[in-house]
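The values are calculated or read from the model by the stated rules, or taken from the named source; none is laboratory data. No experiment lies behind these values; they were computed from the predicted model shown. Reconstructed Cβ throughout: ideal geometry from the backbone, glycine too, with neighbour counts over all protein chains shown. We work out accessible area using only protein heavy atoms, side chains counted, and drop any ligands, DNA or RNA first. Shrake-Rupley method; radii C 1.70, N 1.55, O 1.52, S 1.80 Å.
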Amino acid sequence: MDIEGAGSIHIADGQVSDGEEPADCIMHASHETFDQLYNGTLDPTIAFAKGDLKINGDMAVALATQALFEKARSA
């Protein structure tokens, strides 16, 4: 995930880092959009349709991030 103005988050093999390694999917969003996605106040499909969330690569990987956000919120 490339968060405009804040850097990037790389998730692979159960590990999270701030590296810029190659990825199957790169999601681009503003810091505000990312916060709304993480907090569950913005649906990723709506963000994508409005152009607030851009996805390059494997769409299935992008869809899986919604479940990650839900798990993080409930932890």
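Some points to look at:
- Distance in nm between pseudo-label sites at Ser30 and Val61 (7 Å out along the Cβ direction from Cα): 2.6 nm
- Placed amide H near His10: partners under 5 Å, 5+ positions off or other chain: Ser17, Asp18, Gly19
- Sulfur and carbon atoms: percent of accessible area, the chain [1.4 Å]: 53 percent
- Cα gyration tensor shape for segment 34-75, rounded if a/c is under 1.5, else prolate or oblate: oblate
- Label selected from (1) 4.8; (2) 5.9; (3) 8.2, the criterion being mean projected area of the Cα convex hull in nm² as computed here: (1)
- Amide H to amide H distances under 5 Å link Glu4 with Ala29, Ser30, His31, where only residues 5 or more positions off or on other chains count and H is placed in the peptide plane.
- Note, ³J(HN,Hα) from phi for segment 69-75, Karplus 6.51, -1.76, 1.60, rounded to Hz, x at Gly and Pro: 4, 4, 5, 5, 5, 8, 7
- In this calculation the C-beta distance from Val16 to Ile46 is compared with R0 = 22 Å, giving a FRET efficiency of 0.30.
- Listed residues Leu63, Leu68 arranged by accessible area, highest first, probe 1.4 Å: Leu63, Leu68
- Other residues whose C-beta falls under 11 angstrom from the C-beta of Leu42 contribute a net charge of -3, scoring Lys and Arg +1 and Asp and Glu -1.
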